[in-house]
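Report on the following structure.
The values are calculated or read from the model by the stated rules, or taken from the named source; none is laboratory data. Quick caveat: nothing in here was measured; it's all calculated off a predicted structure. Glycine also receives a Cβ, built like all others from the backbone with ideal geometry; neighbour counts cover every protein chain displayed.
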């Protein structure tokens with residue numbers, strides 16, 4: 001391990017990739033928060049993505065006064081091409097991404113670099129987040145997601161939970177550029193790009209060091225792309241999850257079981273059938289047990305015990321947190337392990 005006792009004597013250049021589109025109301029605060037970093041050996045690749053509201057001019061004004069800020073124009077349309085443009089110009093050893101409407105705590109880069117120097121190649125540094133709004137209150141869904149992300153970071157349990165939600169938000173990771181390129185950098189055209197990148201990190205076998213500290217201030221606003229783009233509307237991302245589960249964790253020698261007969265379970269069942277997957281479908285709703293749905297017989301949870309000797313792989317797809325807690329308790333009582341025998345989608 002590298003001794004991080006004097007981080008500024010062993011200060012790798014950090015390349016921060018920022019794509020900006022029509023965030024003139026927020027980007028000055030974002031850029032000032034980067035300039036205020038206690039860790040100073042950074043470069044910002046600030047890419048204007050065809051903005052029409054003055055964003056480009058604000059980036060230009062900051063770049064004219066701070067040589068660490070590189071003012072770029074996206075070479076394509078939409079977010080991923082903008083990120084690709086920024087990364088093409090990056091010279092840093094360590095890579096980080098930033099969103100143009102958010103803000104950094106002053107010690108974000110220093111804390112993350114310090115942690116990376118202790119861990120080294122093959123490790124991703126991730127931290128906690130905190131949502132904020134200029135007026136009103138943060139949406140309940142985003143607050144719950146934030147609390148969950150922070151618990152995942154605190155417990156270093158990113159890969160155990162990867163099929164539930166995106167476990168490493170786009171703006172709060174850092175890793176060596178060689179590792180980043182090994183995972184495909186920003187080359188993948190798949191949205192949501194942050195969740196797809198998480199799966200690519202997971203596929204490479206990288207380890208995640210979670211920091212129990214808020215390292216990013218995440219703006220909640222009604223016109224953020226996670227609320228307005230069609231690709232984010234169904235935020236269960238079942239196709240992305242199943243594609244990666246089938247490639248990375250599915251063991252064809254073990255029976256596949258789906259638990260859940262609500263909307264989530266039904267939609268996932270349709271996806272499995274479209275992929276010609278054979279599975280046992282269970283639920284704990286007595287009104288549905290014994291019915292045929294999509295020509296698959298709905299069975300009671302006891303069916304799991306009959307399959308136990310074959311070590312089934314169970315996908316849990318329920319919307320209710322209380323329902324999920326009850327299922328997890330049942331799985332534990334039956335001797336099934338989380339992220340070994342069952343996964344929550």
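For this structure, a couple of remarks:
- Picking from residues in the range 85-95 that are within 20 Å of the chain's Cα centre (by Cα) and either free of Cβ contacts under 8 Å to residues at least 60 places away in the same chain or farther than 12 Å from residue 19 by Cα (or both), the one that is surrounded by the fewest Cβ atoms within 10 Å (Cβ to Cβ) is 95.
- Figure legend. Inter-residue proximity from the range 312-328: first residues within 20 Å of residue 145 (Cα to Cα), second residues at pLDDT 95 or above and assigned to a strand (DSSP E or B), beta-carbon distance below 6 Å, spacing 6+ or different chains. Indicated pairs: 316/259; 316/342; 316/344.
- Qualifying residue in the range 304-313 (condition: in contact with a helix residue (DSSP H, G or I) (Cβ under 6 Å, 6 or more places away or on another chain) and closer than 24 Å to residue 161 by Cβ): no
- Residue-level check: of (1) surrounded by 15 or more Cβ atoms within 10 Å (Cβ to Cβ); (2) closer than 15 Å to residue 262 by Cα, residue 312 misses just (2).
- Scanning the range 111-141 for residues that are in contact with a helix residue (DSSP H, G or I) (Cβ under 9 Å, 6 or more places away or on another chain), surrounded by fewer than 20 Cβ atoms within 10 Å (Cβ to Cβ) and assigned to a helix (DSSP H, G or I) yields a count of 2.
- Among residues of the range 295-306, those that are buried (at least 16 other Cβ atoms within 10 Å of the Cβ) and not in a loop (DSSP other than H, G, I, E, B), counted: 5
- Applying a threshold of 8 Å to beta carbon distances and a minimum spacing of six or more residues, or different chains, the list of pairs starting in the range 115-130 at a residue that is outside the structural domain of residue 146 (by TED's automatic domain parsing) and ending at one that is surrounded by 19 or more Cβ atoms within 10 Å (Cβ to Cβ) is empty.
- Test: residue 44 is buried (at least 17 other Cβ atoms within 10 Å of the Cβ), touching a residue at least 12 places away in the same chain (Cβ under 8 Å) and at positive phi: no
- Lone qualifier among 82, 183 - being in contact (Cβ under 8 Å) with a residue 12 or more places away in the chain, more than 29 Å from residue 56 (Cβ to Cβ), assigned by TED's automatic domain parsing to the domain that holds residue 35 and crowded, with 19+ Cβ neighbours inside 10 Å: 183
- Condition check for residue 19: buried (at least 18 other Cβ atoms within 10 Å of the Cβ) and in the same structural domain as residue 191 (by TED's automatic domain parsing): yes
- Residue among 66, 49 that alone is without any contact (Cβ under 8 Å) to a residue 40 or more places away in the chain and surrounded by fewer than 20 Cβ atoms within 10 Å (Cβ to Cβ): 66
- Matching residues in the range 194-212 - criterion: being surrounded by 15 or more Cβ atoms within 10 Å (Cβ to Cβ) and closer than 22 Å to residue 130 by Cβ: 194, 195, 197, 198, 208, 209, 210, 211
- Hits in the range 260-287 - residues which are part of a loop (DSSP other than H, G, I, E, B) and closer than 24 Å to residue 336 by Cα: 260, 261, 262, 277, 278, 279, 283, 284, 285, 286
- Check on residue 160, in contact with a strand residue (DSSP E or B) (Cβ under 7 Å, 6 or more places away or on another chain), surrounded by fewer than 16 Cβ atoms within 10 Å (Cβ to Cβ) and at negative phi: no
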